[in-house]
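Have a look at the structure below, then the notes.
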Amino acid sequence: MLNYLRNLFRGFSAIFYKETVHMRRDSMAMMLALVVPIVEMVILGAAIDTNIRQVNTVVYDQSGVMDVAQEGSSASRDLINHFINSDTFKVYKYVHSDRELNEELVAGRAHVGIKIPLDFDRKLLRGETAQVMVIVDGSDSSTAGTAVNVAGAIGLDQSLQLVLARGINLGQPIEIRPKVMFNPDSRSPNFFLPGLIAVLMLMITVMLTAFSVVREKERGTLEQLMVTPVRPLGLMLGKIMPYFFMGLGEMMILLGFMRVVFRVPVHGSVVLLVALTSIYLFVNLAIGMLISVRAGTQAEAMQSSFSIMLPSIFLSGYIFPRETMPVIFHAMSNFVPATYMINIFRGIILRGAGFQELWLDGLILAVMGIGVLLLAARKFERMVV
Amino acid sequence: MTALVTSGNNPAPANASNLAICAQKLTRKFGDFTAVDQASMTVERGEVFGFLGPNGSGKTTMIKMLTGILPITSGDATVAGIDVRKDPEGVRQRIGYMSQRFSLYDDLTVAENLRFYGRIYGLRGTTLDEKIQQTIERNALQPYLDRLAARLSGGWKQRLALGCSMLHDPSIMFLDEPTAGIDPVARRKLWDLLFDLSGHGITFFVTTHYMDEAERCSHLAYIYYGQIIADGTPDQLRDLPEASPAGTRRFEIDAPQVTSALRTARELPYLKSATIFGRSIHALVEENVTQQDIDRDLRARGVQPQEIRPLTATLEDVFVELTYKKQAKEASRA
């Protein structure tokens, strides 16, 4: 039995050795593969960071007297000042109708609209809850998330101050009612980065192995390997594993960047994250291997990689939420490994999900990985060089 | 099997233990196309077996079947005493293979290439080190150990490739056009090495296009569009009646301006065929024609032959004649 297994993977260690030498020799390409995702993450991450300050904001203040030179009432001016001082909002314009307010948002000039009702002052004075509507442009998910959170905090803060100033009160004086326009599924930057890591890992791992077999086909060395006793599984695993360790290292670096530079807290278990990530890496490397076995030339392998990667990115829910996809695409997204990985990432990092919630995703990925690898091995065995 | 021309000195595989390779009615089809058609051959241990044939005639397909890479459509093959169909991996453990492309890893050094090929054949630890050292010494590779394979010249690449493919002490070596594109000195050295190794009992199965290499082989077979049409020692092949068709004889004619002389010679009514070799003409003529006849008739047409001498058929002549015969047969069938 043991001998049978050993025979099944014959040649593994030799191929493993050879591939690590290839990696050392081609250190430039390896460095690029390692560094590019980090640079992409920094650029994309930094872009998010700058967006959540000085968001263009338009105000429609119905309170106060229309013919006074100043806008709104003293209480509403106080609230607006709070918004301005938070540094998150930049009030650039006051408007005087719902239509104008809407126009600013639709045109994209404003990402946030603050609407203070006619009875804002009166309600505050009576000790009733005064509602302020904050309309957020959800098409920019990172802005939307921050705007909603900060507006809510300002409302609470202001209420707290009012309560403290007046003593006992029955209700919350100011209630901020956020309304996200254009994109009901508001996502914060924390939502963005974990998905980004899954996508970046997908891109580098698939590409790395996609070339590995077809390159030997072109060079003629595969012909030589075919007359050795190496077995398909030994060959494929021997080629996959060095890249697997490299991918795992890269993953750690990206996670570190996410945590330290972009301050995205990880709510769940890091060990579970690494374990599930390993399975995901394995699936991607196996997919690359299948591409490589099928392809006749390196150019063909490149095209196949892209035709797998791009739909994966769109279907995975990284950009468009899966829930809003048409039924067909939703069904297709079930066959995309990144779908499960993004769920795992968001689950562990954001929601603090554990093994209980995520074991099925991990199992599906493992089944996918083994299935794809066996398929590639079968294809390889039937391949005529 | 139709029209197989053999030397007759091709005993049935009774003494199978002494055979390195035994193929019986080996056939490979790709869809409707038959790449190898019921090819039978036997190669004894220690032979240097030359396998010849034009490009696309099935040489490589034959090698791939014998090495267990390509499934056999029908027929049987035993290599190194193992049934290729039953245990292709067992066969691969006992054979070595070197292609004309010298399949080395360009971005690995000489030492790394040796280490890799040793390990893929399951060599480990001290055995591996010893084998590598032995190969380095045998091929004088010591000065190049840390050089990338890409930086080696053709001859050295060939030595390294041969060394890599022989690390595991194979009993049979398959060499697919091993001398394509290397210089004459390296070519000569390789053949000396092959004979040296064959003296130690290693069997060589060599494909080549060079006729002078074919002459050196102890056993030859010629494959033409999937069928083996000749099989025997070089001498046996030269003596084949098909090579020198009945009622003909060969002459070598030395003449100045050999090209125009050839044109003139082709006007002679009794000339069957003629071709140029260097600065002379090889002519196949009717049996009753003498040197004097040719000399007289050429001079009458303004060509002054310097010397005319009888000629035995070269291997090239043999293969050309056999190919013509085969083509004529195919044509008449169609």
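The values are calculated or read from the model by the stated rules, or taken from the named source; none is laboratory data. Keep in mind the model is a prediction, meaning the values are calculated, not measured. Cβ placement follows ideal geometry from the backbone for every residue including glycine, while neighbour counts extend to all protein chains displayed. Each accessible area value is taken on the protein alone, full model and side chains, heavy atoms only, with ligands, DNA and RNA left out. Shrake-Rupley method; radii C 1.70, N 1.55, O 1.52, S 1.80 Å.
List of remarks:
- Judged by the gyration tensor of its Cα atoms, with axes a ≥ b ≥ c, chain A is prolate; a/c meets the 1.5 cut and a/b is the larger of a/b and b/c.
- Gain on full stretching of the segment that runs from A:Gln131 to A:Ser86 - 0.36 nm per residue minus C-alpha separation: 14.2 nm
- Report summary: the helix-based calculation at 222 nm, which adds -39500 (n - 2.57) for every DSSP H run with n ≥ 4 and divides by the residues of chain A, gives -22000 deg cm²/dmol.
- Cα gyration tensor category, rounded, prolate or oblate, for segment B:248-312 with a/c compared to 1.5: rounded
- Length-normalised contact order of segment B:248-312 in % [C-alpha pairs under 8 Å, at least 6 apart]: 47 percent
- Whole-number percent relative contact order across chain B, with pairs defined as alpha carbons under 8 Å at least 6 apart: 19 percent
- Against chain B, whose longest principal axis comes from its Cα atoms, helix B:184-199 is set at around 70 degrees.
- Whether segment B:295-334 is rounded, prolate or oblate, judged on the alpha carbon gyration tensor where a/c under 1.5 counts as rounded: oblate
- Antiparallel DSSP beta bridges within segment B:16-238, percent to nearest 5: 55 percent
- Sparse packing (at most 14 other Cβ atoms within 10 Å of the Cβ) combined with a DSSP loop state is found for the following chymotrypsin sites (Phe, Trp or Tyr not before Pro) in segment A:307-385: A:Phe335.
- Set of segment A:192-221 residues, backbone N closer than 18 Å to the point 7 Å along the Cα-Cβ line of A:Ile319: A:192-204
- Accessible area (Å², 1.4 Å probe, nearest 10) - A:His82: 50 Å²
- Å² of accessible area per residue within the protein assembly as shown, as computed with a 1.4 Å probe and no ligands counted: 46 Å²
- Shielding by partners for peptide A:227-239, expressed as the average number of C-beta atoms from other protein chains within 10 Å of each residue's C-beta, is 4.
- Euclidean distance of C-alpha centroids, segment B:152-226 and segment B:237-256, integer Å: 30 Å
- Per-residue average of Cβ from other chains inside 10 Å of A:212-218: 0
- Number of partner chain Cβ atoms within 10 Å, mean per residue of A:292-299: 0
- Within the protein assembly as shown, the ratio Rg/Rh, alpha carbon atoms throughout and Rh by Kirkwood, equals 1.24.
- Note on chain A: lysine pairs with Cα distance below 26 Å, sequence gap of 8 or more or different chains, count 14.
- Relative contact order, percent, chain A [alpha-carbon distance under 8 Å, six or more residues apart]: 18 percent
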